[in-house]
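The values are calculated or read from the model by the stated rules, or taken from the named source; none is laboratory data. Computed from a prediction, not measured in an experiment: that's the story for all the values here. Cβ: placed from backbone, ideal geometry, glycine included. Neighbour counts: every protein chain shown.
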Amino acid sequence: MIASLSGHLNPTASSCGLRRIVRWRTSGALLWLLLAVLPPLSAEAQGVAAATSARPLLQLGVGDELNVQVYGRPELATTTYVADDGSITMPLAGPVPIAGLSPTAAAQKVAAAYKKAQLLRDPQITILLMQSRSQQVSVLGAVRSPGRFPVNSTTSLLDLLAAAGGTTETSANTVFVIRPDEAGNLERHPVSLRGLEDGRESLKFLLLRGGDAVFVPPADQFYIYGEVKAPNMYRLEPEMTVLQAISRSGGLTEFATTRRIDVKRRATDGTVVAEKIKLTDRVQADDVIYIREGRF
């Protein structure tokens with residue numbers, strides 16, 4: 001019926017909010033179409049949508065353990081592993097390549113193999129992923145529970161850090177995703193976590209995939225001793241001053257003096273030199289700050 005319509009667009013179409021009603025005049029009736037007028041997706045959103053649609057939510061790979069059921073044919077049911085060539089071997093049908101597919105797409109491919117071999121007329125296949133060994137990511141460094149964790153096409157770096165128990169008090173604000181390139185060389189992708197606390201900084205959204213590794217390095221630290229209430233090693237915060245370092249160590253004792261503050265600092269050539277610093281100077285990584293006792 002729709003194919004036989006030969007109307008034209010009425011120029012007096014009305015609009016209402018985000019919806020537009022368009023009237024088509026035909027030879028015998030009026031056909032009203034309701035069109036949703038939506039803003040176009042941004043380039044970034046289109047890229048994320050394309051990447052998500054191109055990659056299945058659950059992707060099968062080498063080493064995965066699968067349970068395959070054939071409806072009405074229990075003798076064909078099997079528990080198998082995805083071989084190194086990305087295939088599984090089905091009874092009578094032989095090897096079927098399924099690596100990179102979702103369980104649903106893999107089941108359709110197994111069904112097609114049975115139909116092509118004329119073994120079953122209308123096979124109904126179900127594939128259940130028992131254990132995933134291919135889509136895992138290693139988390140190393142300053143996290144509470146390092147190890148290997150399963151991922152899918154929507155797992156982000158923050159998801160994985162949460163699975164690893166989160167970062168520790170001594171972890172750095174920049175973590176690294178280590179990923180092999182097409183030539184097999186390992187590439188480091190730095191991701192700053194400062195955007196979690198500072199709205200002025202953007203937080204890079206990076207999806208993880210099987211074979212990646214996440215390394216959380218320890219943060220830069222400094223040492224402070226002498227006439228402070230809690231001498232110890234502490235985490236170095238961005239743009240930290242000597243005054244802030246003293247405050248971090250509990251403050252000065254009643255015998256302390258700030259007229260002379262010494263620091264042992266590593267030079268560019270690797271040697272350690274002793275310097276005098278002021279309360280407003282910036283603390284550097286691995287600084288050893290000494291607060292002297294006042295002489296009365």
Where the second residue is exposed (fewer than 10 other Cβ atoms within 10 Å of the Cβ) and the first is part of a strand (DSSP E or B) and lies in region 248-275, which pairs have Cβ atoms under 6 Å and are six or more apart or on separate chains? Val273/Ala267
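Would you be able to say whether some residue in region 182-191 is part of a loop (DSSP other than H, G, I, E, B) and surrounded by 15 or more Cβ atoms within 10 Å (Cβ to Cβ)?
The initial filter retains those residues of region 182-191 that are part of a loop (DSSP other than H, G, I, E, B), namely 182-185.
Keeping just the survivors that are surrounded by 15 or more Cβ atoms within 10 Å (Cβ to Cβ) gives none.
Checked against the condition, which is being part of a loop (DSSP other than H, G, I, E, B) and surrounded by 15 or more Cβ atoms within 10 Å (Cβ to Cβ), region 182-191 yields no hits at all.
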Per the filter on region 232-269, residues among the acidic types (Asp, Glu) and at positive phi are Glu239
Somewhere in region 208-225, is a residue within 30 Å of Ser156 (Cβ to Cβ), touching a residue at least 60 places away in the same chain (Cβ under 8 Å), touching a Pro at 6+ places or on another chain (Cβ under 7 Å) and assigned to a loop (DSSP other than H, G, I, E, B)? yes
Can you spot a residue in region 237-247 that is surrounded by fewer than 18 Cβ atoms within 10 Å (Cβ to Cβ), of a type in the set (Ser, Thr, Tyr) and part of a helix (DSSP H, G or I)? yes
Output the number of the condition that Ala113 fails; it satisfies all remaining conditions of (1) within 12 Å of the chain's Cα centre (by Cα); (2) closer than 16 Å to Val96 by Cα. (1)
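Every residue, every condition in (1) modelled with pLDDT under 95; (2) out of contact with any Phe, Trp or Tyr (no Cβ under 8 Å at 6 or more places or on another chain), yes or no:
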site	(1), (2)
Gly63	yes, no
Met90	no, no
Pro95	no, yes
Pro103	yes, yes
Gln108	no, yes
Tyr114	no, yes
Leu119	yes, yes
Ser132	yes, yes
Pro150	yes, yes
If we ask which residues in region 251-296 are under 12 Å from Gly226 (Cα atoms) and surrounded by 13 or more Cβ atoms within 10 Å (Cβ to Cβ), their number turns out to be 15
Here the qualifying pairs (Cβ atoms under 8 Å; residues six or more apart or on different chains; first in region 121-132 and farther than 14 Å from Ala77 by Cα; second basic (Lys, Arg)) come out as Arg121/Lys115; Asp122/Lys115
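Which one is surrounded by the most Cβ atoms within 10 Å (Cβ to Cβ) among residues in region 137-156 that are over 22 Å from Asn173 (Cβ atoms) and of a type outside the set (S, T, N, Q)? Working first, answer last.
Going through region 137-156, the residues over 22 Å from Asn173 (Cβ atoms) turn out to be 147-148, 150-154.
Remaining after also requiring of a type outside the set (S, T, N, Q): 147-148, 150-151.
Working: Gly147: 13, Arg148: 13, Pro150: 17, Val151: 22.
Per the criteria, the residue is Val151.
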Top-ranked residue of region 123-178 - restricted to ones that are within 16 Å of Arg209 (Cβ to Cβ) and among the basic types (Lys, Arg), ranked as nearest to the chain's Cα centre (by Cα): Arg148
Only one residue in Pro95, Pro103 is closer than 26 Å to Ser153 by Cβ, loosely packed, with under 15 Cβ neighbours inside 10 Å and either within 38 Å of the chain's Cα centre (by Cα) or hydrophobic (A, V, I, L, M, F, W, C) (or both). Which one? Pro95
